[in-house]
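Trainee: Next up is a structure, given as structure tokens.
Rule-based calculations on the coordinates, nothing more; no lab input. Note that the structure is predicted; figures quoted are calculated from it, not measured. We place every Cβ from the backbone using ideal geometry, glycine too, and count neighbours over all the protein chains shown.
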Amino acid sequence: MSANERATRALREILQNPGNDACADCGAPDPGWGSCTLGVFICLDCSGIHRNIPDISKVKSLSLSHWEDHEVQFMARNGNELMRSKYEAAVPVYYYKPTHKDCQTLREQWIRAKYERKEFSEPGKNFTYEEGTRDGVLMKRGRDNGQFLSRRFVLSEREGTLKYFTKYDAKEPKAVIKVDTINATFQHEKIGNPNGLQITYLKDYSTRNIFVYHDNGKEIVDWSNAIRAVQLHYLKVAFPGATDAELVPKLTRNFLKEGFMEKTGPKQTEGFKKRWFTLDQRRLMYFKDPLDAFAKGEVFLGNKDHGYSASPGLPAGTHCNGAWQHGITIKTPERSFLFTCESESEQQDWLKHFDDVVNAVMSPQEYTMEALFRHRH
Ligand SMILES: [Zn+2]
């Protein structure tokens, strides 16, 4: 047996240790790479990010690279569980830890924060995203012309708001957004920038979107964590008895699904029109264009025991003028909504998400939201 076969076999053994079966940084299963300077097992995507910080991390393939004996022993002594207790000793509860489904910017900043800046290695560090206020310039997409222009944004924990100003020294903000209505999600594809952030919020109970980016990945990730820190503070005041575990899911969250479907109007005799749909928890919003500032409409999806359902197909006799044939019917206590999808796999994927939502138990806040929707429509 050659030295390298011996190393490969030993590494395979070490992979059996608890914690080593998933990437140390994003949780993807079956990591195929290792950092022989940090002592962690990571996935292919994360190994690419580690390669960008060569002073700190030296990555090797578990099956193809040559491993020295002392490197194998180092991996055996350390490993994902022990290194997590070192590099993630003091991650703030509101800090968003990305998964393998998240964008490159989020994963890269998480890896740099952990190993390069060692932000979480010891408690008591002062995070810029935890100062209760943040004031800076972001590039914001213009509502009408789609051009990105620099705008001043000010986040305030004391006021519970995010404001933006069209001129740096302007007295009056262009918008005042209440932090408890914000959802902020990384949307590089839609925005066309690797650091693109979509900020969705409610104004007068209707959904608005703004699209921003910053050239520096750390800046935009710090903004998103600063919003989460202020939101957690707000929720702790609003719900004094609640635990962190109850409050953290109420901070910014990824959309469950987005994509195009066709829909009819309420009479169901109008033609099917192609719209962009966003499913955010129980709210199904639709837009003419993925980058629209305003939702054209929203559907609240309650629990199946209260008259909500989603099923494949369209009612008999529906005149399907659109190009798409894979129907979905959503029933709410008020009316039915008819949609069509481009392919059967899209139809199945939407239905899976709708089923998950209508089968889930509703929280008290969701009952409040349902009542607001009824009032509005
Ligand atoms: Zn990974």
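Trainee: Report the extension gain between residue 288 and residue 270 in nm, rounded to one decimal, defined as 0.36 nm multiplied by the number of residues separating them, less their alpha carbon distance.
Mentor: Length gained, residue 288 through residue 270: 4.9 nm.
Trainee: Let me ask something else. Around residue 170, under 15 Å between beta carbons, what's the net of Lys plus Arg minus Asp minus Glu among the other residues?
Mentor: For residues surrounding residue 170, the net value is +4.
Trainee: If I model a spin label at residue 149 and residue 93 as a point 7 Å from the Cα along the Cα→Cβ vector, what separation in nanometres do I get?
Mentor: It is 4.1 nm.
Trainee: Rank 79, 48, 196 by mean-square fluctuation in a GNM of the chain with C-alpha springs under 10 angstrom and give only the top-ranked residue.
Mentor: Most flexible of the set in this elastic network: 48.
Trainee: For a quick check of your reading of the filter: which GluC sites (Glu not before Pro) in the range 318-377 sit in a DSSP loop and have no more than 15 other Cβ atoms within 10 Å?
Mentor: Sites meeting the loop and neighbour criteria: 334.
Trainee: Sticking with the crude label model, points 7 Å out along Cα→Cβ, report the distance from residue 355 to residue 215 in nm, one decimal please.
Mentor: For the pair residue 355/residue 215, the computed spacing is 4.9 nm.
Trainee: Which whole-Hz ³J(HN,Hα) couplings does the range 312-320 yield from phi under the Karplus relation 6.51 cos²θ - 1.76 cosθ + 1.60, θ = phi - 60°, glycine and proline marked x?
Mentor: With the stated coefficients, the range 312-320 comes to x, x, 10, x, 4, x, 5, 7, 9 Hz.
Trainee: Also, I was wondering about something else. How much length is gained on full extension from residue 176 to residue 253, taking 0.36 nm per residue of separation minus their Cα-Cα distance?
Mentor: Taking residue 176 through residue 253 to full extension adds about 25.6 nm, to one decimal.
Trainee: Here is a follow-up. Using only Cα atoms, figure out Rg for the range 3-116 and give it as a multiple of 2.2 N^0.38 Å.
Mentor: 1.01
Trainee: Can you figure out the FRET efficiency of residue 371 with residue 237, using R₀ = 25 Å and their beta-carbon distance, to the nearest 0.05?
Mentor: 0.60
Trainee: Turning to a different aspect of this structure: Give me the Å³ per residue figure for the convex hull around the C-alpha atoms of the chain.
Mentor: With only Cα atoms used, the chain gives 179 Å³ per residue.
Trainee: Of the listed pairs 174/218; 118/218; 97/304; 101/352, which have alpha-carbon separations greater than 24 Å here?
Mentor: Over 24 Å Cα-Cα: 174/218; 97/304.
Trainee: Can you figure out the FRET efficiency of residue 73 with residue 100, using R₀ = 30 Å and their beta-carbon distance, to the nearest 0.05?
Mentor: The pair residue 73/residue 100 has a calculated efficiency of 0.60.
Trainee: Bins of 5 Å, beginning at zero and ending with the bin holding the largest distance: percent of Cα pairs per bin for the range 128-250, please.
Mentor: Computed distribution, short to long bins: 2, 11, 20, 24, 22, 12, 5, 2, 0, 0.
Trainee: Then there's this: Please give the FRET efficiency for residue 121 paired with residue 306, using the beta carbon to beta carbon distance and R0 = 41 Å, rounded to the nearest 0.05.
Mentor: 0.30
Trainee: OK, next. Take the alpha-carbon centre of the range 1-39, take the same for the range 152-225, and report the distance between them in whole Å.
Mentor: 40
Trainee: Would you please state the base-10 log of I(q)/I(0) at q = 0.12, 0.14, 0.24 1/Å for the range 291-365, with intensities from the Debye formula using one equal scatterer on every alpha carbon?
Mentor: -0.38, -0.51, -1.18
Trainee: At residue 45 and residue 167, where each label point lies 7 Å from the Cα along Cα→Cβ, what is the point-to-point distance in nanometres?
Mentor: 4.4
Trainee: Right, something else. Can you tell me the length gained on complete extension of the stretch residue 363 to residue 316, counting 0.36 nm per residue apart and subtracting the Cα distance?
Mentor: The residue 363-residue 316 span can extend by a further 13.4 nm.
Trainee: Through the Karplus equation 6.51 cos²θ - 1.76 cosθ + 1.60, θ set to phi - 60°, convert the phi angles of the range 148-157 into ³J(HN,Hα) values in whole Hz; use x for Gly and Pro.
Mentor: 8, 10, 6, 9, 7, 10, 10, 9, 10, 5
Trainee: Could you list the residues of the range 26-59 with an amide nitrogen less than 17 Å from a label point located 7 Å from the Cα of residue 4 in the Cα-to-C-beta direction?
Mentor: Of the residues in the range 26-59, 33-34, 59 have backbone N under 17 Å from the label point off residue 4.
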